Amino acid sequence: MEIIEFGCAIARRSGQLLRAESFLVRPIKTPQLSEFCTSLTGINQSMVDRANPLSVVTTEIDQWLGGVSDDFIWCSWGNYDRLHIEASEFRPEFAKFPHLNLKRIWRRTTGQKKKNGLANALKFHDLDFAGQQHSGIDDARNIVRLLPFIDWSLEIEIVSVP
């Protein structure tokens, strides 16, 4: 499986969305998207055919971020995205900074015992999923909507990527 999209959002812990951007990636090893992938993500073949390869997109993300401060932390819902980026030949600069698994801290905050997907976490707070589930940009924006519900005083496990 290859990365075909980076859904990026810059936000405050309060849930204020500052910027969001979708960075599509042209897959190289498996250039033809499966029907399942297209239906899951909403990303179609012509979209990735027009996209840049990962080696270029990582630079575009770094430029979009405009440099990050020493206290920068990048986040995802679970560890799947972090592990995918770690395994990638080309990593954006932000991946050198610590990572926070927001699903884990949200579960600690709410006391939820089972593993909750993003849509279920939103429902827990009486929020509907906005956009297409599994679209990187829509997932990123929806994660930001959960930030106000996170108890940031809880002990947070931050993973530094080698």
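Odds and ends about this structure:
- Some residue of the range 143-150 being in contact (Cβ under 8 Å) with a residue 12 or more places away in the chain, more than 20 Å from residue 18 (Cα to Cα) and outside any helix (DSSP H, G or I): no
- Only listed residue being surrounded by fewer than 12 Cβ atoms within 10 Å (Cβ to Cβ), of a type in the set (Ser, Thr, Tyr) and at negative phi, chosen from 76, 69: 69
- Scanning the range 98-127 for residues that are at negative phi, loosely packed, with under 13 Cβ neighbours inside 10 Å and among the charged types (D, E, K, R) gives 113, 114, 115.
- When each of 107, 82 is tested for being in contact (Cβ under 8 Å) with a residue 60 or more places away in the chain, assigned to a helix (DSSP H, G or I) and of a type in the set (Lys, Arg), the lone residue that passes is 82.
- Count - residues of the range 132-162 that are at pLDDT 80 or above and surrounded by 14 or more Cβ atoms within 10 Å (Cβ to Cβ): 18
- Subset of the range 17-39 that is loosely packed, with under 14 Cβ neighbours inside 10 Å and in a strand (DSSP E or B) - its residue that is farthest from the chain's Cα centre (by Cα): 18
- Any chance residue 95 is surrounded by 13 or more Cβ atoms within 10 Å (Cβ to Cβ) and small (Gly, Ala, Ser): yes
- Each residue in the range 40-66 was checked for being among the aliphatic types (A, V, I, L, M) and exposed (fewer than 15 other Cβ atoms within 10 Å of the Cβ), and 2 pass.
- Here residue 90 meets each of (1) under 30 Å from residue 53 (Cα atoms); (2) part of a helix (DSSP H, G or I); (3) not polar (S, T, N, Q) with one exception, condition (2).
- Residue-level analysis places residue 57 among those that are free of Cβ contacts under 8 Å to residues at least 60 places away in the same chain, at negative phi and touching a Leu at 6+ places or on another chain (Cβ under 8 Å).
- Hey, residue 138 in a helix (DSSP H, G or I), under 19 Å from residue 15 (Cβ atoms) and in contact with a strand residue (DSSP E or B) (Cβ under 9 Å, 6 or more places away or on another chain) or not: yes
- Only one of the numbered conditions (1) out of contact with any Ser or Thr (no Cβ under 9 Å at 6 or more places or on another chain); (2) over 19 Å from residue 149 (Cβ atoms); (3) loosely packed, with under 14 Cβ neighbours inside 10 Å is violated by residue 14, and that is (2).
- Of the residues contained in the range 75-85, one or more are found to be more than 14 Å from residue 8 (Cα to Cα) and among the small types (Gly, Ala, Ser).
The values are calculated or read from the model by the stated rules, or taken from the named source; none is laboratory data. None of these values were measured; they are calculated from a predicted model. Every residue, glycine as well, gets a Cβ built from its backbone with ideal geometry; the counts of neighbours run over all protein chains shown.
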